[in-house]
Amino acid sequence: MRHLVLLGGGYGNMRILLRLLPNHLPDNVHITLIDRVPYHCLKTEYYALAAGTISDHDIRVPFPEHPRLTYRFGEVVRIDLDAQTVFLQDDTTVSYDDLVIGLGCEDKYHGVPGAEQFTYSIQSIDKARMTYQALNNLPPRSVVGIVGAGLSGVELASELAESRPDLHVMLFDRGERILPMFPERLSEYVEGWFHEHDIDIIRRSNITKVEEGVLYNHDEPIHCDAIVWTAGIQPNRVVRELNVEKDAQGRVVLTNQHYIPGYENVYVVGDCASLPHSPSAQLAEGQAEQIVQVLQKRWHGEEPPHEFPPIKLKGVLGSLGKKHGFGLVADRALTGRVPRLLKSGVLWMYKYHNGY
Ligand SMILES: Cc1cc2nc3c(=O)[nH]c(=O)nc-3n(C[C@H](O)[C@H](O)[C@H](O)COP(=O)(O)OP(=O)(O)OC[C@H]3O[C@@H](n4cnc5c(N)ncnc54)[C@H](O)[C@@H]3O)c2cc1C
């Protein structure tokens, strides 16, 4: 039997499973999926879990079952590419013939002292749960500082404002306007919504230090009862420690067929892969489709395509609480209830019509 090992059951590797199962897995291939969590987590919803507006159960999707699919639930600590072996925290190892690394990303703290120690996170399910506890146990009129006004910071701030209107939410960002990757009209709409909901936007901020309950903006101390970090991501530590070529963001540089140069049987999918777009669930899924084609060609002894067409992204949708949203779909800026409904629809389709 040929052994395909998938590291991480996130958006990338779930798409690989969906495409290979139930009918496209050659009889001589066995798959092992390794994840620290025994179900697929909808990471795009962690902001709502942290804010307390959805339950933990709402964002779990069961992993598929198949006679030639085995699960190992544990923490991956190291990969030895030359020995074709994955090391787990419980001192066991798993060897592979083909490997797809899809371990996702972690917070990046940009060397800010105290940031890792004294801020909460929404980058993993266990950390999002801790953030939920901290935010929802805060006494009335507490101050919450959110560092970083990209998509996840904006979604968390707005969801929290609806969930706990008694809290004072402050959103810190380096830029002149929030959501700089979107057209100005969208930023203005979101800033207007924040104004109506008493969320303070602290522009041109530079967080220089964090201590217990204190955020230093340009060295000026600001009291916060809880601080959440949404100001940057980097690939998973296991991937950062691989001795292979990386791009400026620390993501693994790949060939056109998505394998690591020099390691034809090791693919990297999703947030850990160097691709010509910012990391996203959509991108991970688009890349997974291409990896499946390469795997299948090779398993059938055929040459995989030398190049793939660029991965098409459908757009971005963001939420402002449960009723309003914003987005960029087919280069059209959308604001209000329509993008929020679209976002809920996309999530619903993903959860219930994914073919598992
Ligand atoms: C709040 C928020 C909102 C977002 N909104 C959107 C959005 O609207 N649209 C969009 O396209 N993207 C969005 N994203 C980004 C998207 O979630 C990621 O790009 C996507 O999850 C990446 O998929 P992946 O397969 O690379 O990894 P992930 O989906 O992160 O999966 C990684 C898996 O690896 C497992 N794992 C990690 N480390 C280990 C280890 N050491 N051992 C064992 N298992 C491990 C994890 O448990 C997890 O199951 C959002 C992200 C956040 C945080």
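Being closer than 21 Å to LEU317 by Cα and either crowded, with 19+ Cβ neighbours inside 10 Å or at pLDDT 95 or above (or both) is not true of LEU215. Looking at PHE194, PHE172, PHE182, which is the one that is open to solvent by less than 20 Å² (accessible area, probe 1.4 Å) and within 16 Å of the ligand (Cβ to nearest atom)? Of PHE194, PHE172, PHE182, the one residue that is open to solvent by less than 20 Å² (accessible area, probe 1.4 Å) and within 16 Å of the ligand (Cβ to nearest atom) is PHE182.
Here ARG240 passes the criteria (1) out of contact with any Asp or Glu (no Cβ under 8 Å at 6 or more places or on another chain); (2) modelled with pLDDT under 95; (3) among the basic types (Lys, Arg) except the one numbered (2). For the stretch 120-140, residues that are out of contact with any strand residue (DSSP E or B) (no Cβ under 7 Å at 6 or more places or on another chain) and among the polar types (S, T, N, Q) total 4. The set of residues in the stretch 245-264 being within 13 Å of the ligand (Cβ to nearest atom) and open to solvent by 50 Å² or more (accessible area, probe 1.4 Å) consists of GLN249 alone. Taken over the stretch 61-70, residues that are within 16 Å of the ligand (Cβ to nearest atom) and either of a type in the set (A, V, I, L, M) or surrounded by 14 or more Cβ atoms within 10 Å (Cβ to Cβ) (or both) amount to 5. Just one residue in the set SER158, SER142 is under 24 Å from ASP56 (Cβ atoms), among the polar types (S, T, N, Q) and away from the ligand (no atom under 16 Å from the Cβ); that residue is SER142. When ASP91, ASP56, ASP35, ASP98 are checked against the criterion of being surrounded by fewer than 17 Cβ atoms within 10 Å (Cβ to Cβ) and either assigned by the TED database to the domain that holds ARG19 or without any contact (Cβ under 8 Å) to a residue 40 or more places away in the chain (or both), a single residue qualifies: ASP91. Of the residues contained in the stretch 96-107, one or more are found to be under 29 Å from LEU254 (Cβ atoms) and more than 16 Å from the ligand (Cβ to nearest atom).
Any chance the stretch 310-324 includes a residue that's outside the structural domain of ALA281 (by the TED database), touching a residue at least 24 places away in the same chain (Cβ under 8 Å), of a type in the set (Gly, Ala, Ser) and more than 26 Å from ARG164 (Cβ to Cβ)? Taking every residue of the stretch 310-324 in turn, none turns out to be outside the structural domain of ALA281 (by the TED database), touching a residue at least 24 places away in the same chain (Cβ under 8 Å), of a type in the set (Gly, Ala, Ser) and more than 26 Å from ARG164 (Cβ to Cβ). Quick check on the stretch 12-24. Is at least one of its residues in a strand (DSSP E or B), away from the ligand (no atom under 11 Å from the Cβ) and either modelled with pLDDT of 95 or more or surrounded by 15 or more Cβ atoms within 10 Å (Cβ to Cβ) (or both)? No, because not a single residue in the stretch 12-24 is in a strand (DSSP E or B), away from the ligand (no atom under 11 Å from the Cβ) and either modelled with pLDDT of 95 or more or surrounded by 15 or more Cβ atoms within 10 Å (Cβ to Cβ) (or both).
Please specify each residue of the stretch 309-319 satisfying the condition of being near the ligand (Cβ under 9 Å from one of its atoms) and of a type in the set (Val, Ile, Thr). Within the stretch 309-319, just VAL316 meets the criteria. Here the condition is being within 16 Å of the ligand (Cβ to nearest atom) and at pLDDT below 95; of VAL329, VAL292, it holds for VAL329 alone. From the list LEU215, LEU275, LEU283, LEU242, the lone residue that is in a strand (DSSP E or B) and either outside the structural domain of SER142 (by the TED database) or away from the ligand (no atom under 13 Å from the Cβ) (or both) is LEU215.
Is one or more of the residues making up the stretch 301-308 at pLDDT below 95, within 26 Å of ASN256 (Cβ to Cβ), open to solvent by 30 Å² or more (accessible area, probe 1.4 Å) and within 13 Å of the ligand (Cβ to nearest atom)? Among the residues of the stretch 301-308, not one is at pLDDT below 95, within 26 Å of ASN256 (Cβ to Cβ), open to solvent by 30 Å² or more (accessible area, probe 1.4 Å) and within 13 Å of the ligand (Cβ to nearest atom), which makes the answer no. Just give me the residues in the stretch 245-272 being in contact with a helix residue (DSSP H, G or I) (Cβ under 8 Å, 6 or more places away or on another chain), closer than 20 Å to HIS306 by Cβ and in a loop (DSSP other than H, G, I, E, B), in sequence order. Result: GLN257, HIS258, VAL269.
The values are calculated or read from the model by the stated rules, or taken from the named source; none is laboratory data. Bear in mind the structure is a predicted one, so any value in this text is a computation, not a measurement. Because the Cβ atoms are built from the backbone with ideal geometry, glycine has one as well, and the counts that use them run over all protein chains shown. Calculation scope for accessible area: heavy atoms of the full protein, side chains included, ligands and nucleic acids excluded. Shrake-Rupley method; radii C 1.70, N 1.55, O 1.52, S 1.80 Å.
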